[in-house]
1. Give the residue that is farthest from B:L116 (Cα to Cα), with candidates limited to residues of region A:77-105 that are within 9 Å of chain B (Cβ to nearest Cβ) and in contact with a strand residue (DSSP E or B) (Cβ under 8 Å, 6 or more places away or on another chain).
2. Which residues, taken from region A:103-141, are among the acidic types (D, E) and at pLDDT 95 or above?
3. Exactly one condition in (1) within 20 Å of A:P20 (Cα to Cα); (2) charged (D, E, K, R); (3) within 9 Å of chain B (Cβ to nearest Cβ) is false for A:R61; which is it?
4. Does B:L77 satisfy the criteria of being modelled with pLDDT under 95, more than 25 Å from A:S126 (Cβ to Cβ) and of a type in the set (A, V, I, L, M)?
5. Identify the residue in region B:137-158 that is within 12 Å of chain A (Cβ to nearest Cβ) and in contact (Cβ under 8 Å) with a residue 60 or more places away in the chain and, among all such residues, is surrounded by the most Cβ atoms within 10 Å (Cβ to Cβ).
6. Please work out if B:D167 is in contact (Cβ under 8 Å) with a residue 12 or more places away in the chain, acidic (D, E) and either buried (at least 16 other Cβ atoms within 10 Å of the Cβ) or within 9 Å of DNA strand D (Cβ to nearest atom) (or both).
7. Kindly indicate whether any position in region A:71-90 is surrounded by fewer than 18 Cβ atoms within 10 Å (Cβ to Cβ), in the same structural domain as A:L17 (by TED's automatic domain parsing) and in contact (Cβ under 8 Å) with a residue 60 or more places away in the chain.
Protein chains: 2
Amino acid sequence: MLSPIRIDTVSALDAVLAIPGACPRFCRDEEIFGEGESADYVYQVVSGAVRTHRLLRDGRRQIDEFHFAGDYFGLELGELHRVSAEAMCDASIRLIRRGALSDLAARRGDAARAILRLTAEGLQRSQDHVLMLGRRSAIERVAGLLLDIAERTNARAELDVPMSRQDMADYLGLTIETVSRTLTSLQDEGLIALPSVRHVVLKDRRALERMTA
Amino acid sequence: MLSPIRIDTVSALDAVLAIPGACPRFCRDEEIFGEGESADYVYQVVSGAVRTHRLLRDGRRQIDEFHFAGDYFGLELGELHRVSAEAMCDASIRLIRRGALSDLAARRGDAARAILRLTAEGLQRSQDHVLMLGRRSAIERVAGLLLDIAERTNARAELDVPMSRQDMADYLGLTIETVSRTLTSLQDEGLIALPSVRHVVLKDRRALERMTA
DNA sequence: CGACACTTTGAAGAGGTTCAACTGGTGTGG
DNA sequence: CCACACCAGTTGAACCTCTTCAAAGTGTCG
């Protein structure tokens, strides 16, 4: 049973926002929507992983967020998307008509609260991101990202990392070389292992957590 | 947010959220609430200016946001404040009981939408902050902050800067010395003037905007 | 006027970037 | 089935922006 203000589980959110929608597949690096386009849909990752990003005029890219199975993205206050979204690997994405969602929110208080909750969670994550970019060193940022991926993909020690080094760099406000060197140094210190480029084993989670706390 | 009905002005928001509340005064650097405290109120700046921040264990500080007259802050999804808030100068702050706000939101769709709108605007600002910290140089960050202050305080060319250099640094992810040097170099280039420490004159706004676009 | 906090400036240093070369894994074609 | 090409990732070295540490300057308030 839901409290008047809190919706406590992802599945509860999904139940409230269960609106039929198409569920197309996108392949690796395919654009789902672009910055400045009309925000006619809200999206949910069914399988795979998605990145959302913004670009400066000169090409500098900042990845805003990574989205994993179950996550919603593309929810906007205004009429236009403020970020672009691309699949990081083959992904299936549920499309929810924005009009259907606002109709639902207008009729049902719990749906309106679910939307508020999604937005507020996005804000919390963005605030964490700000703290990371403003005040943490490269090694702390990388450690934090690995732990975040572990948590959000429900991985134990061994992670499937769906993003390239460039994606990690553009999320962390670093360069690809710094990310690579930092991962190597974490490996040298025995905190992680890198069996392959897109797999990371967390060997000393406690130590990683100490870096990010 | 999702609804076709938009609330377009701050005053409209205020009308919807007009709940009687105390309006205490805080003096410079006084804490309004602390990170981890129970979030029993939502706050609105009546006059003055407020900063919200988070601290790492070792004392590194990241300012999350500056709040000016009319701005709401301290709105939380969960039970606890995730940031601390302090007055940057003498300020009067309206306190709104959170319970009163959620009652109102439960009864009136437009109030619920107003809360969503506030949250979504906070998210947009936080995303802009992420882009700034992740991918902009010191001079671009400082220029961006000055323009932001100008816009939010409705200043034309001459700005009243309510924050210290340390506050600017902790918002921009820089050090106090870098902020100071950057302001000096903007002055040397003729883009701004610094008649006194807490006053800035924007002499070439176009050039400043070019840096931040 | 003097004390104190904040700001500015200077010089040296570090962390991260840049540019460049090399490595390794993957896919393709002979 | 191997050779080769290609691309992402790694490593190295030089460089640069920003930081750190130190000192001097400025403004404010008793």
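1. A:V83
2. In the first step, residues of region A:103-141 are kept if they are among the acidic types (D, E); the result is A:103, A:110, A:121, A:128, A:140.
Correct list: A:E121, A:D128, A:E140.
3. Every listed condition holds for A:R61 apart from (1).
4. Values: modelled with pLDDT under 95: yes; more than 25 Å from A:S126 (Cβ to Cβ): no; of a type in the set (A, V, I, L, M): yes.
So B:L77 fails the test.
5. Here is the first cut: in region B:137-158, the residues within 12 Å of chain A (Cβ to nearest Cβ) are B:137, B:140-141, B:144.
Those left that are additionally in contact (Cβ under 8 Å) with a residue 60 or more places away in the chain: B:140, B:144.
Details: B:E140: 19, B:G144: 21.
Checking each candidate, the answer is B:G144.
6. Values: in contact (Cβ under 8 Å) with a residue 12 or more places away in the chain: yes; acidic (D, E): yes; either buried (at least 16 other Cβ atoms within 10 Å of the Cβ) or within 9 Å of DNA strand D (Cβ to nearest atom) (or both): yes.
Yes.
7. Yes, some residue in region A:71-90 is surrounded by fewer than 18 Cβ atoms within 10 Å (Cβ to Cβ), in the same structural domain as A:L17 (by TED's automatic domain parsing) and in contact (Cβ under 8 Å) with a residue 60 or more places away in the chain.
Rundown of residues vs (1) within 20 Å of the chain's Cα centre (by Cα); (2) more than 23 Å from A:L174 (Cβ to Cβ), yes/no style:
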residue	(1), (2)
A:E65	yes, no
A:A69	yes, yes
A:L95	yes, yes
A:D110	no, yes
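The values are calculated or read from the model by the stated rules, or taken from the named source; none is laboratory data. Keep in mind it's a predicted model, so treat the numbers as computed, not measured. Neighbour counts run over all protein chains shown; Cβ positions are idealised from the backbone, glycine included.
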